[in-house]
Amino acid sequence: MKILLYGLNINPPWIEGIRNSVWNLAKNLKRENNTVYILTKGLLKDKKINNIKGINFIKIPVARSNSYNEGSLSFFIKSFREIRKITNRYKIDIVHGHSSYPLIGIAEKFSDASKIFTLYSKLNTTSKNLEYNIFMKYFLSIAKSGFTAKILSKSVNKVICLTKGIYDTLPGKVKEKSSIIPLGVDVNRFNPSLTGEYFKKKNHVENKKLIFMVGDITPWKGSENFILVAKRIIKQKKNVKFFLFSKGTYEYEKRRLLKIKGLLKEMDLQKHFTILGRYKEIENVYAASDISVFPYLDAFALMSIPLSLLENMALGKPVIATRVGDINNIITNDDNGFLVSPGSVDELAEKILYLLDNENEAKRIGFNARKTVEINYSWDNISKKYLSLYSSLLA
């Protein structure tokens, strides 16, 4: 088969959930002897076509930076023509779009190939944590509306939801042509045998307990709450080090960094915190953590299940996450992780202290987390489901 994967930000760097999900799907499809193309947003300075590990990237150059939204509307408009042109030129069998916003998939409408769209987030959700202007907030709400999903369903042959929670938000007629295929994780790459020793030595933290807030410093992921939690933990546990991540893809990254660093200084926590950048081998970074925390405030701008959550579970890490999106359908409280209320500093601090004081419990929860991912979210199984779907559409 010849397959075109399509989406806004699914080009390198591999630092976010949808990018990594599409990249892993592409590699698995190629491994099964399919020819794979990826159409995505590109920088103005980029080559239009390049090949990465045998997968053909075709870019629509509309942006000056890798930030989330720059050039997105221009990319969407131009992709109508580009998808049709690529489909005809390369005799594409399947066009498969990917986004948290159903609006993006409407561009597949005029392709002559079989068309699929994977939806990564629930419809009709809102957020108080977006820093965009009123126009952008309104546009994003329309892009994620049930009305837009109805238009999408008329543009593609099949809508795929990552979770039942996403499926349940679809309008009735859209559900008729929808099904559920979960998120996938490379369980060989992310496995409990990794120790993170190199990372620990490099950061001189071999003898400390490491607590990671996994994600980035965007406001909807709860960095400020994590810092407030750390202040409480430090009062009781001196041998602890905290880590945050800054990926550099958020439009207001510099402003957010200044705010986070200012808060750390105000609370006298600079020596207890390290802010990390991008890492190619992120599995060796995550492997160093003793507890992985996801204090997210809402899931409007997120995948309904963060890929990094499943990656840390695959590594056998005890995870603590808030009840946003569909996280509560992955984690069973006190079995394969802990669930806390969004924004609750008290609950998060309590669970971290419990795991620090009970290493055997932390190991039990990490072991169960790994089993959960192996059984339900391994890419070996997920890619087979997509291949089966492709074949049924072509038949």
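Quick note: the coordinates plus some simple rules give every number you see, no bench work behind them. Note that the structure is predicted; figures quoted are calculated from it, not measured. Cβ coordinates were reconstructed from backbone atoms using ideal geometry, including for glycine residues, and neighbour counts include every protein chain displayed.
So what's the angle, to the nearest 10 degrees on a 0 to 90 scale, between helix 253-266 and the longest Cα principal axis of the chain?
Value to nearest ten degrees: 10.
To the nearest Å, what is the center-to-center distance of region 355-382 and region 137-181, using C-alpha atoms only?
Between the Cα centre of region 355-382 and that of region 137-181, the gap is 31 Å.
What distance in nm separates the simple spin-label points at residue 131 and residue 204, each placed 7 Å from Cα in the Cβ direction?
About 3.1 nm separates the two model spin labels.
Which distance in nm do the two modelled labels at residue 43 and residue 89 give, with both placed 7 Å along the Cα-to-Cβ direction?
My value for the distance between the label points is 2.2 nm.
Using only Cα atoms, locate the centre of region 192-228 and the centre of region 3-54, then give the distance between them in Å, rounded to an integer.
Answer, in whole Å: 28.
I need the shape label for region 197-376. Rule: rounded when a/c is under 1.5, else prolate if a/b > b/c, else oblate, with a, b, c from the alpha carbon gyration tensor.
Numbers: a/c = 1.34, a/b = 1.17, b/c = 1.15.
Rounded, since a/c falls under 1.5.
Nearest 10 degrees, 0 to 90: what angle lies between the long axis of helix 345-357 and the longest principal axis of the chain (Cα atoms)?
That helix lies at roughly 70 degrees to the long axis.
Would you mind checking the tilt of helix 223-236 against the longest principal axis of the Cα atoms of the chain, expressed as 0 to 90 degrees and rounded to 10?
That works out to roughly 20 degrees.
In region 263-288, whose amide N lies under 19 Å from the spot 7 Å out along Cα-to-Cβ of residue 189? List them in ranges.
From region 263-288, the list is 277-288.
What distance in nm separates the simple spin-label points at residue 69 and residue 376, each placed 7 Å from Cα in the Cβ direction?
3.3
Send over the per residue convex hull volume for the chain, Cα only, as a whole number of Å³.
Numbers: hull volume 52.2 nm³, N = 395.
Output value, Cα hull per residue: 132 Å³.
Using the Kirkwood formula on the Cα atoms of region 1-141, what hydrodynamic radius do you get, in angstrom to one decimal? Walk me through the numbers on the way to the answer.
Working: mean 1/r = 0.0645 Å⁻¹.
One over the average 1/r among Cα pairs gives 15.5 Å for region 1-141.
Return 153, 67, 383 ranked ascending by Cβ neighbour count within 10 Å, so the fewest neighbours appear first. Walk me through the intermediate numbers first.
Numbers: 153 23, 67 16, 383 20.
Least crowded to most crowded, the residues run 67, 383, 153.
Which whole-Hz ³J(HN,Hα) couplings does region 24-37 yield from phi under the Karplus relation 6.51 cos²θ - 1.76 cosθ + 1.60, θ = phi - 60°, glycine and proline marked x?
Those phi angles translate into 5, 4, 4, 5, 5, 5, 5, 4, 8, 6, 9, 8, 10, 10 Hz.
Can you give me the long-range amide H partners of residue 6? Hydrogens built in the peptide plane at 1.01 Å from N, cutoff under 5 Å, separation of 5 or more residues or another chain.
So residue 6 has HN proximity to 39, 96, 97, 98.
Report the residue, chosen from 282, 375, 234, that carries the largest GNM mean-square fluctuation when the chain is represented by alpha-carbon nodes joined by springs under 10 Å.
375
Ranking 136, 303, 213 by Cβ neighbours within 10 Å, fewest first, what do you get? Walk me through the numbers before you get to the answer.
Working: 136 15, 303 23, 213 26.
By the 10 Å Cβ count, ascending, the order reads 136, 303, 213.
Working out 0.36 nm times the residue gap between residue 385 and residue 176, then minus their Cα-Cα distance, what length gain in nm do you get to one decimal?
Details: separation 209, 0.36 × 209 = 75.24 nm, distance 1.86 nm.
My answer for the length gained is 73.4 nm.
Quick one: which of 336-348, 107-119, 191-203, 43-55 comes out on top by average Cβ neighbours within 10 Å, and what's the full order, highest first?
Values: 336-348: 19.0, 107-119: 22.4, 191-203: 14.3, 43-55: 11.7.
Peptide ranking by packing, descending: 107-119, 336-348, 191-203, 43-55.
Would you mind calculating the gained length between residue 335 and residue 77 on full extension (0.36 nm times residue separation, minus the Cα-Cα distance), in nm to one decimal?
Numbers: separation 258, 0.36 × 258 = 92.88 nm, distance 4.62 nm.
Gain in length upon complete extension: 88.3 nm.
Taking θ = phi - 60°, what integer Hz values does the Karplus form 6.51 cos²θ - 1.76 cosθ + 1.60 yield along region 388-395, in sequence order, with x for Gly and Pro?
Here the 3J(HN,Hα) series is 5, 5, 4, 4, 5, 5, 5, 5 Hz.
Output the pairs from 164/221; 237/317; 164/363; 59/280; 85/247 with a Cα-Cα distance over 26 Å in this structure; if there are none, say none. Don't skip to the end; give the middle numbers.
On the way: 164/221 23 Å; 237/317 20 Å; 164/363 29 Å; 59/280 22 Å; 85/247 33 Å.
Over 26 Å Cα-Cα: 164/363; 85/247.
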